[in-house]
Amino acid sequence: MQFGGALQDDGSHKFPVRIYYEDTDFSGNVYHAAYLKFFERARTEFLRAHDVHHQKLFEEEGIAFAVRSMQIDYDRAAHIDDLVEVTTKIIEMKGSRFILEQILRRDDELITRARVVAVTMKSNGRPTRLPDTLRARFGG
């Protein structure tokens with residue numbers, strides 16, 4: 001898989017992650033907060049794969065993304081030296097809000113799942129509708 005992962009035919013994105021010592025607790029299992037970093041990186045690469053870049057979007061349109069809420073289910077533990085993969089896809093877009101599903105797997109084994117509610121907002125911090133140009137890039 002290429003650096004930054006790979007966009008799939010269905011619009012989802014797969015992002016590989018290697019588990020390092022810094023990601024684990026004393027037992028060698030991934031510390032729960034480390035999954036937030038994995039999911040954040042995967043969301044950023046998902047956007048890049050759709051030709052959406054945080055800085056460019058902010059500079060040109062004054063729009064930023066913010067996570068409004070996140071629900072995480074820890075089904076199994078990932079361990080030091082594991083190679084895992086995060087799949088990210090948009091499951092809903094409405095107004096300024098979009099919902100993403102993120103699934104972290106080791107081979108075919110489900111490790112962790114997240115449902116992320118994100119919003120688009122202007123530089124003044126107020127929500128703004130997801131522009132049609134972005135909506136089209138995400139297939140909506």
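The values are calculated or read from the model by the stated rules, or taken from the named source; none is laboratory data. Since the structure is predicted, the reported quantities are computational estimates derived from the model, not experimental observations. Cβ atoms come from the backbone with ideal geometry, glycine included; neighbour counts cover every protein chain shown.
For T133, the conditions (1) out of contact with any helix residue (DSSP H, G or I) (no Cβ under 6 Å at 6 or more places or on another chain); (2) β-branched (V, I, T); (3) at pLDDT 95 or above are fulfilled apart from (3).
Quick one: is E45 part of a helix (DSSP H, G or I), modelled with pLDDT under 95 and not aromatic (F, W, Y)? Step through it out loud before you land on a result.
Details: part of a helix (DSSP H, G or I): yes; modelled with pLDDT under 95: no; not aromatic (F, W, Y): yes.
For E45, the condition - part of a helix (DSSP H, G or I), modelled with pLDDT under 95 and not aromatic (F, W, Y) - is not met.
Could you tell me which residue of region 103-117 is surrounded by the most Cβ atoms within 10 Å (Cβ to Cβ), considering only residues that are of a type outside the set (S, T, Y) and in contact (Cβ under 8 Å) with a residue 60 or more places away in the chain? By that ranking, first place goes to L104. Evaluated against (1) surrounded by 15 or more Cβ atoms within 10 Å (Cβ to Cβ); (2) at pLDDT 95 or above; (3) in a helix (DSSP H, G or I), L57 falls short on exactly one condition, (2).
Which of the residues that make up region 1-16 are part of a strand (DSSP E or B) and among the small types (G, A, S)? Selection gives A6 alone.
Collect the residues in region 94-119 that are assigned to a strand (DSSP E or B) and either more than 15 Å from the chain's Cα centre (by Cα) or basic (K, R) (or both), keeping them in residue-number order. Let's see the steps before the verdict.
Residues of region 94-119 that are assigned to a strand (DSSP E or B), as a first pass: 94, 97-106, 109-119.
Those that are assigned to a strand (DSSP E or B) and either more than 15 Å from the chain's Cα centre (by Cα) or basic (K, R) (or both): K94, R97, R105, R106, E109, L110, I111, R113, R115.
For the criterion of being of a type outside the set (F, W, Y), part of a helix (DSSP H, G or I) and in contact with a Ser or Thr (Cβ under 8 Å, 6 or more places away or on another chain), R129 fails.
Of D73, D82, D132, all but one fail to be more than 17 Å from A6 (Cα to Cα), surrounded by 15 or more Cβ atoms within 10 Å (Cβ to Cβ) and acidic (D, E); the exception is D82.
Scanning region 17-42 for residues that are surrounded by fewer than 20 Cβ atoms within 10 Å (Cβ to Cβ) and either assigned to a strand (DSSP E or B) or polar (S, T, N, Q) (or both) gives R18, T24, S27, N29.
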